[in-house]
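Q: Submitted below is the structure of interest, expressed as structure tokens.
The values are calculated or read from the model by the stated rules, or taken from the named source; none is laboratory data. Computed from a predicted structure; not experimentally measured. In this analysis, Cβ positions are derived from the backbone assuming ideal geometry, glycine residues included, and neighbour counts consider all displayed protein chains.
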Amino acid sequence: MFKQLWFRKVNLVTVFDSRAALAATMDAMLARGMLDLLDIGHSALIVGSTTGKPVIVNNNVEAQEGRFSGAMLGAVIMGLGAVQGGALDFPRGWAVLGVVLALVAGAALGAGIGDGVARLTRFGFSTLLLEDVGQRLSADQVALVLQVRPMHAEALEEALAGPDAHIARHER
């Protein structure tokens, strides 16, 4: 039960023949009141291109984002900690140096932790999956990749199916 409730392990890949088909399908799902089934963990939209390099828009957490977020949070926490710890009680030059060093040290420590967390945890889709789907698209096709709970996968497959859509299920 816990696994079904918290972990999303089914990736649904739906390839639409056109952008209009994607929009019409999503409008129909919303009109039928399927918002409860749209409990989506991660999503990606892949648009085919005439240049051969598809455009991929997704909400994965990458290591770069983990580093940046960690650095910002670490700098704020260490900077405030230095001020609370009495760094401003030192003479003027030493106070500024103490706060700046705390900001730099916090940013470095936070970036390392954020990078490690982003690399060790599996947020989102495999880059290989997204690139593989993108390479298979023709110029006018659009792919919608959703990570959903297993109990909702079948209903979403039925809702997304249509004459202009091709669905594949990828277990993680």
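Q: Cβ-Cβ under 7 Å, sequence separation 6+ or interchain: first residue in the range 142-170 and outside any strand (DSSP E or B), partner of a type in the set (Gly, Ala, Ser). Which pairs?
A: What qualifies is Asp164/Ser18; Asp164/Ala21.
Q: I've got another one for you. Given the structure, is Met72 in contact with a helix residue (DSSP H, G or I) (Cβ under 9 Å, 6 or more places away or on another chain), at pLDDT below 85 and farther than 20 Å from Gln135 by Cα? Before the answer, list the steps.
A: Details: in contact with a helix residue (DSSP H, G or I) (Cβ under 9 Å, 6 or more places away or on another chain): yes; at pLDDT below 85: no; farther than 20 Å from Gln135 by Cα: yes.
No: the conditions fail for Met72.
Q: For Val99, are the conditions met, namely being in contact (Cβ under 8 Å) with a residue 60 or more places away in the chain and either assigned to a loop (DSSP other than H, G, I, E, B) or not hydroxyl-bearing (Ser, Thr, Tyr) (or both)?
A: Working: in contact (Cβ under 8 Å) with a residue 60 or more places away in the chain: no; either assigned to a loop (DSSP other than H, G, I, E, B) or not hydroxyl-bearing (Ser, Thr, Tyr) (or both): yes.
No; evaluated as a whole, the condition is false for this residue.
Q: Counting only residues that are part of a loop (DSSP other than H, G, I, E, B) and not polar (S, T, N, Q), which one in the range 124-141 is farthest from Met34 (Cα to Cα)? Spell out the reasoning first.
A: Narrowing the range 124-141 to residues part of a loop (DSSP other than H, G, I, E, B): 124-126, 137-141.
If we keep only those that are not polar (S, T, N, Q) as well, we get 124-125, 137, 139-140.
Working: Gly124: 23, Phe125: 24, Leu137: 27, Ala139: 30, Asp140: 27 Å.
Step by step, filter the range 124-141, then rank; the result is Ala139.
Q: On to the next question. Could you pull out the residue among Pro150, Pro163, Pro91 that is at pLDDT below 80 and more than 24 Å from the chain's Cα centre (by Cα)?
A: Working: Pro150 fails: more than 24 Å from the chain's Cα centre (by Cα); Pro91 fails: at pLDDT below 80.
Going through Pro150, Pro163, Pro91 in turn, just one is at pLDDT below 80 and more than 24 Å from the chain's Cα centre (by Cα): Pro163.
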